[in-house]
Every structure is written in C-alpha cells, then in structure tokens.
Amino acid sequence: MGVSDKTVYRWIKDGVIPAYRVHDQYRVNRMELLEWVTSQKMAVSEEIFNEPAESQETVSLAHALEAGGISYRVEGTDKPSVLRAIVEVMRLPDGVEREFIFRVLLSRENVCSTAIGGGIAIPHPRNPIVLHVTRPSVTLCFLENPVEFGAMDGQPVQALFTLVSPTVHHHLQLLSRLSFALHDEGFKSVIANPGTREVILTEARRLDGLLDERNRSVAE
C-alpha cells in the first residue's frame, strides 16, 4: 500500500481500515481491505489484486470434504448455538481464533440467512474465510435436530457446509463445485438422507470427475 506501519496502525485506531482485534493482534480480512482500497481510489500496485500462481490449481470437492471432515448429530437449538458447535468441530490450523470465526459467521447470519433451501445452509461471512492453510476445506455438519435458519422455502436446516480456503480464487472454485453438486440428484440424495462419510465422498469424487472432464473438453 506504500505507507508505513505507523500509518496503518493509525488508520486502524481511527476506524479507517476495517480490522478486528483478537487478543493482542489485529486481523484484516483481505477482501474487505481490497474493497476499501478500491473505494478510496488509492494508487496501489495492481499486484495487490492478484492471487498467488499456485492458487490456479483445480480444487477438488472430495479432497476438500476429506480435509474439512463430515460430522453427524451436531447439537444446537438456534443459529448461534449451531454455528458455535460447527466452529468447534472445524479442522482449523493451530493459532486460528475459533471465537473470531464464530463471530464473523454469526454476524453474516444476522444480516442475511445463508440457508439456500432444501434444508441446507452454507455459513459464510460477507467475504470468504481466507486463512493460512495449505489447502481448501469444506466442513459438512448434519444436525441432531433441524433448526430454523430463515430459509426462503421455510424449511429448517439440517445440513451445513462451511468453507475455508487459502485464497479467494480457491474459495470461488470450491463454491462453484459445491453449487454444481447441490444441483445433482445423486449428491442431494445423500445429503437429504445422510449417507455414510464414504458414500458422500464417493458422490463428491463422481462429480469432480464430471467437472474435470467438462473442463478438459472446454480447453480442447
């Protein structure tokens, strides 16, 4: 950004830059920072908007589910208690503040529900959760009892997908694959009537294969 550390801290203190205080550290969401830079029309290098080259690799939904884990009979009676239970079972790197993740997820739900209908929700903040992880992950949680989430179709939520990615590019790729999966009858069936972890992963691998084949055809 072409400014000193002192200037950045002053901006944070004055509330100019969107930042979150977690214990003795400030956390800045990369997408919020990019939005702020754009709105301020700051003369910054175009490189600030680029993702690392390694982020261009293809994301696998099956691998992401394996990394994030699939949990059954997750407790909760309302949005806050469900989200807190999900954050507790998420496979997060050491040092990641779970309370921070919980707060940003809950804040998003207070603005607008992430329930997409059909008993499914995809908890996420306004901007993707981008952490210092080596690979993207999806944590799938099935609730012990369906919970009202304010879905447009009025159905309570029983299955929730939470995404964590190392880059925004990974997040968008993963979200695209999940969206494709949730329109597939086979995958929807093992989510609506929860199958075993292996059954769900088998369906995810099948869909990864379909998408990879489609991408190859388009490339050719």
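Sort His170, His183, His63 so the one with the fewest other Cβ atoms within 10 Å of its own Cβ comes first.
Numbers: His170 26, His183 10, His63 19.
Ranked by crowding around the Cβ, least crowded first: His183, His63, His170.
Please order Asp14, Asp184 by the number of other Cβ within 10 Å, starting at the fewest.
Values: Asp14 8, Asp184 14.
Ascending Cβ contact count within 10 Å gives the list Asp14, Asp184.
Taking N as the number of residues in segment 53-219, what is its alpha-carbon radius of gyration divided by 2.2 N^0.38 Å? Compactness ratio reported: 0.99. Available extension along the chain between Val8 and Glu198 is 63.6 nm, counting 0.36 nm per residue and deducting the alpha carbon span. Taking amide H atoms as placed 1.01 Å from N in the peptide plane, the amide H of Val157 lies under 5 Å from those of Val147, Glu148, Phe149, each 5 or more residues away in sequence or on another chain.
Order the peptides 118-124, 88-94 from the highest to the lowest mean number of other Cβ atoms within 10 Å of their residues.
Sorting 118-124, 88-94 by mean packing, highest first, produces 118-124, 88-94.
Taken as Cα centroids, segment 131-148 and segment 69-93 sit 7 Å apart, rounded to the nearest whole angstrom.
Restricting the trypsin sites (Lys or Arg not before Pro) of segment 105-195 to loop positions (DSSP other than H, G, I, E, B) with no more than 13 neighbouring Cβ atoms within 10 Å leaves Arg126.
Along the axis of the charge dipole computed for segment 53-219 (Cβ charges of +1 for Lys and Arg, -1 for Asp and Glu, origin at the Cα centre), the listed residues Leu92, Ser176, Pro156 are led at the positive end by Ser176.
Taking a quarter of the surface of the convex hull around the Cα atoms of segment 121-208, what do you get in nm²? Don't skip to the answer; put the middle values down first.
Details: hull surface 25.2 nm².
Its Cα hull, projected and averaged over all orientations, spans 6.3 nm².
Each reported figure results from applying straightforward, stated rules to the coordinates on display, with no laboratory input. Bear in mind that the values here come from a model prediction, so they are computed numbers and not experimental data. Cβ coordinates were reconstructed from backbone atoms using ideal geometry, including for glycine residues, and neighbour counts include every protein chain displayed.
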